[in-house]
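The values are calculated or read from the model by the stated rules, or taken from the named source; none is laboratory data. Note that this is a predicted model, so its numbers are computed, not measured. Every residue, glycine among them, receives a Cβ derived from its backbone with ideal geometry; neighbour counts consider all protein chains shown.
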């Protein structure tokens, strides 16, 4: 009985890591090409408030904004 409890605890502890397999960037994350971005996002240039141009993952919405980092 004790070993089954430990096994259950180990399995429950591993659940949060199950979704960590994706290496794709979400919106506003840096990228070098479209393959770096999640499905539906594109690697595009954004100009931040300082005038710097950065390549970030974004959607086709022209009014999309990303916070400065």
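Observations, loosely collected:
- Scanning the stretch 47-64 for residues that are exposed (fewer than 10 other Cβ atoms within 10 Å of the Cβ), part of a loop (DSSP other than H, G, I, E, B) and touching a strand residue (DSSP E or B) at 6+ places or on another chain (Cβ under 8 Å) yields a single hit, 60.
- Residues of the stretch 17-26 that are in a loop (DSSP other than H, G, I, E, B), at pLDDT below 90 and either farther than 26 Å from residue 60 by Cβ or in contact with a strand residue (DSSP E or B) (Cβ under 9 Å, 6 or more places away or on another chain) (or both): 20, 21, 24.
- Leading residue by the ranking (farthest from residue 64 (Cα to Cα)) among those in the stretch 27-46 that are in contact with a helix residue (DSSP H, G or I) (Cβ under 9 Å, 6 or more places away or on another chain) and either at pLDDT below 90 or exposed (fewer than 15 other Cβ atoms within 10 Å of the Cβ) (or both): 30
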